[in-house]
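Peer 1: First, the structure itself, so that you have it in front of you.
The values are calculated or read from the model by the stated rules, or taken from the named source; none is laboratory data. Only a predicted model underlies this, so the values are computations on that prediction, with no experimental measurement involved. Please note: Cβ atoms are built from the backbone with ideal geometry, for glycine as well, and neighbour counts cover all protein chains shown.
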Amino acid sequence: SLKGKVALVTGSTSGIGLGIAETLAKEGATIIVNGFGDHDAAVAAVKKAGAPKVGYHGADLSKPSEIEDMIAYADKEFGGVDILVNNAGIQYVANVEDFPIERWDSIISLNLSSCFHTIRMALPDMKKKNWGRIINIASAHGLVGSVQKSAYVAAKHGVVGLTKVVALESARTGVTCNAICPGWVLTPLVQKQIEAKAQAQGITVEEASHDLVAEKHPSGAFVRPEDLGGLAVFLCSPAGDQVRGVAWNMDGGWVAQ
Ligand code: NAD
């Protein structure tokens, strides 16, 4: 049970982040929701899943000063962060020579640098309590590449590297740091890519969805947000005490090929 623990899940108004927040809530954790869009609905969903207390902070994580505000809010209102799930992320698809510079910068800033900032700000308090869990949502693209995703793949490989260093630096403490590397999960981020594929190839959205998964997953099936939540719960459990610095793929067999 995660009763008495406070989990900050970035980008938890949608998709994987919301699924992980709900799964941690089911275990009794207090949840701090972050992200854009309909945050009232996300807060209500997390409450319904069983969180004893739910907070919300709308920090734009591409801005270090707003991350600082969010961590200060967690300290003041909840007595700090015990479980930090770095999940917020964005995608953009183009060949490297056509990749818009501002898209490169915003992907590196949100998908990679925001993890550096949340970790460096939350870690001292975890070390003081001698217990903490840092879970970075990387991607199969933290382990292997795909065409047209230079910024995303670079950022996600960076997250895996950051994960290893933080795990080593806290190895003698009760704080662990690990990465989860999902394959395809049907979220708004992926729905956009499916619709673009359908449009480009003149096929239906259903066909595009099927082809997208079949191309990478030997299983032919999407990963579900709640399954990723289950892995996060395991990493938070006592059995996860000596799991340190791993990049654990849950990807329908993608990177086993
Ligand atoms: P999503 O688009 O459904 O959710 C993204 C979340 O991040 C939302 O809550 C959004 O409001 C928030 N967000 C976006 N920009 C933000 C900003 N500047 N500041 C704060 N919050 C911001 O996406 P998702 O598919 O659930 O992806 C979540 C994470 O999982 C991302 O890091 C993504 O790279 C990773 N991932 C997704 C898949 C997949 O197939 N969906 C696979 C591997 C990894």
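Peer 1: Quick check on my filter: what residues within region 53-85 are within 11 Å of the ligand (Cβ to nearest atom) and of a type outside the set (Gly, Ala, Ser)?
Peer 2: Kept after step one, since they are within 11 Å of the ligand (Cβ to nearest atom), are these residues of region 53-85: 57-63, 66-67, 70, 85.
Across region 53-85, the qualifying residues are His57, Asp60, Leu61, Lys63, Glu66, Ile67, Met70, Val85.
Peer 1: Give the residues of region 238-257 that are within 19 Å of the chain's Cα centre (by Cα) and farther than 23 Å from Val185 by Cβ, sorted by residue number.
Peer 2: Within region 238-257, Arg244, Gly245 meet the criteria.
Peer 1: Which of the helices (runs of 4 or more DSSP H) contained wholly in region 86-205 include at least 1 residues that are aromatic (Phe, Trp, Tyr) and within 11 Å of the ligand (Cβ to nearest atom)?
Peer 2: Ranges flagged: 150-169.
Peer 1: Pull out all pairs, ordered by first then second residue, where Cβ-Cβ is under 9 Å, the residues are six or more apart or on different chains, the first lies in region 140-154 and is free of Cβ contacts under 8 Å to residues at least 40 places away in the same chain, and the second is of a type outside the set (Phe, Trp, Tyr) and surrounded by fewer than 17 Cβ atoms within 10 Å (Cβ to Cβ).
Peer 2: So the pair list comes out as Val153/Gly145; Val153/Ser146.
Peer 1: Going residue by residue through region 211-229, is there one that turns out to be assigned to a loop (DSSP other than H, G, I, E, B), at pLDDT 95 or above and within 17 Å of the chain's Cα centre (by Cα)?
Peer 2: yes
Peer 1: Taking the conditions exactly as written (assigned by TED's automatic domain parsing to the domain that holds Gly17, modelled with pLDDT of 95 or more and either within 25 Å of Asn178 (Cα to Cα) or surrounded by 24 or more Cβ atoms within 10 Å (Cβ to Cβ) (or both)), does Ala45 satisfy them or not?
Peer 2: No.
Peer 1: What do you reckon, is Val33 buried (at least 18 other Cβ atoms within 10 Å of the Cβ), more than 20 Å from Val153 (Cβ to Cβ), away from the ligand (no atom under 16 Å from the Cβ) and among the β-branched types (Val, Ile, Thr)? Let's see the steps before the verdict.
Peer 2: Numbers: buried (at least 18 other Cβ atoms within 10 Å of the Cβ): yes; more than 20 Å from Val153 (Cβ to Cβ): yes; away from the ligand (no atom under 16 Å from the Cβ): no; among the β-branched types (Val, Ile, Thr): yes.
Spelling it out, it is not the case that Val33 is buried (at least 18 other Cβ atoms within 10 Å of the Cβ), more than 20 Å from Val153 (Cβ to Cβ), away from the ligand (no atom under 16 Å from the Cβ) and among the β-branched types (Val, Ile, Thr).
Peer 1: OK, next. Please tell me if Ser139 is more than 16 Å from Arg244 (Cβ to Cβ) and surrounded by fewer than 21 Cβ atoms within 10 Å (Cβ to Cβ). Outline the logic, then answer.
Peer 2: Working: more than 16 Å from Arg244 (Cβ to Cβ): yes; surrounded by fewer than 21 Cβ atoms within 10 Å (Cβ to Cβ): no.
Criteria not met by Ser139.
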